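The values are calculated or read from the model by the stated rules, or taken from the named source; none is laboratory data. Being a predicted model, the structure only gives us computed values, none of them experimental. Neighbour counts are summed over all protein chains in view; Cβ atoms, including those assigned to glycine, are modelled from backbone coordinates with ideal geometry. The accessibility values were calculated without ligands, DNA or RNA, using every heavy atom of the protein model including side chains. Shrake-Rupley method; radii C 1.70, N 1.55, O 1.52, S 1.80 Å.
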Amino acid sequence: MYMQIQSWYGPNDTWDTKFSTIASTYEECRAECVGIYLCLSRDVLSIFGHEGDAASDIVYVNWLNMVRAGLLALEFYSPETSNWRQAHMQGRYVILQVLLEAGDGLVSIDKTTGEDGEPDLAIALDRVKIETVGKKAIGDFLRKLQVYKATADVDAGIAMYERYSRVSEEGGGWLSLRKIVLARKTPRRMFVQSHTVLDGEKDDVQLVEYPATAAGIVESFMARFPTYDSELEALWRVEVP
């Protein structure tokens, strides 16, 4: 049974003008859903050489990472204004809510006590149910996202998205979970490029690593680009406003 379309884009309408304030996070959420849904395709994974248990591990880690991101997204929610400060993180929180709503033991988040004696959180994802319960939940949700977007059904789209975006103490105690997430926040990690150096005397290759600090990043760049590069500077100057 198909429902008759009741809304559409007018001559001067666009996605951004119709969905306005949620357009960005809605689209980011849709993209993330596509990613975790399509990673379930074993044919696609095999193209990159991942089959059997290795492919299953990739699926599990991908989905687990999304669940974790949805929980950590609480850092970017402001209870004072009831607003989200980051489009990507709001989208990941929404996906977490969809997976929790699917039930059947797919995902659970429990309060626990860390090794330091302080409150902590434990995430559980049943890998056996990802390709059944999880796939159906994300597939159904992704279909709604797409239909509401394609038909410019602003009322239904916003109502659904805001429902999943809600953060409160009801239905899971999310505000109290947010306090634990903030208390467990760690400094942002830095990506520092290591280098390989040929030791002529020993005829061997040595790995040179640098500390994961701002100074380490500078040292790494200096080692990689030890001399003045006039061509690189010329390219940079062309792009300077």
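Structure above, values below:
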item	result
Odd one out for Gly117, checked against (1) open to solvent by less than 40 Å² (accessible area, probe 1.4 Å); (2) not in a helix (DSSP H, G or I)	(1)
From the options Glu239, Glu219, residue that is open to solvent by 100 Å² or more (accessible area, probe 1.4 Å) and either over 30 Å from Gly117 (Cβ atoms) or modelled with pLDDT under 90 (or both)	Glu239
Considering residues of region 31-42 that are farther than 16 Å from Leu145 by Cα and of a type outside the set (A, V, I, L, M) only, the residue most open to solvent (accessible area, probe 1.4 Å)	Arg42
Per-region count, region 222-231, residues open to solvent by less than 100 Å² (accessible area, probe 1.4 Å) and aliphatic (A, V, I, L, M)	1
Subset tally (residues that are open to solvent by 70 Å² or more (accessible area, probe 1.4 Å), assigned to a loop (DSSP other than H, G, I, E, B) and in contact (Cβ under 8 Å) with a residue 40 or more places away in the chain) for region 167-201	2
Residue under evaluation Leu74, criteria (1) closer than 17 Å to Lys179 by Cβ; (2) modelled with pLDDT of 95 or more; (3) open to solvent by 20 Å² or more (accessible area, probe 1.4 Å), criterion not met	(3)
Unique match (being part of a helix (DSSP H, G or I), surrounded by 15 or more Cβ atoms within 10 Å (Cβ to Cβ) and either on the phi > 0 side of the Ramachandran plot or over 17 Å from the mean Cα position of the chain (by Cα) (or both)) among Lys136, Lys129	Lys129
Top-ranked residue of region 91-105 - restricted to ones that are modelled with pLDDT of 95 or more and in contact with an Asp or Glu (Cβ under 8 Å, 6 or more places away or on another chain), ranked as nearest to Phe141 (Cα to Cα)	Ile95
Residues of region 202-216 satisfying the condition of being in contact (Cβ under 8 Å) with a residue 12 or more places away in the chain and either outside any helix (DSSP H, G or I) or open to solvent by 90 Å² or more (accessible area, probe 1.4 Å) (or both)	Leu207, Val208, Glu209, Tyr210, Pro211, Ala212, Thr213
Tally of residues being surrounded by 14 or more Cβ atoms within 10 Å (Cβ to Cβ) and assigned to a helix (DSSP H, G or I) across region 43-56	3
Members of region 87-109 found to be touching a Ser or Thr at 6+ places or on another chain (Cβ under 9 Å), part of a helix (DSSP H, G or I) and either without any contact (Cβ under 8 Å) to a residue 40 or more places away in the chain or polar (S, T, N, Q) (or both), listed by number	Met89, Gln90, Gln97
Matching residues, region 1-30, being open to solvent by less than 60 Å² (accessible area, probe 1.4 Å), within 23 Å of Ile95 (Cα to Cα) and small (Gly, Ala, Ser)	Ala23
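A quick yes/no check of all residues on (1) closer than 12 Å to Phe19 by Cα; (2) surrounded by 20 or more Cβ atoms within 10 Å (Cβ to Cβ); (3) free of Cβ contacts under 8 Å to residues at least 12 places away in the same chain:
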| site | (1), (2), (3) |
| --- | --- |
| Asp140 | no, no, yes |
| Gln146 | no, no, no |
| Ala150 | yes, no, yes |
| Met160 | no, no, no |
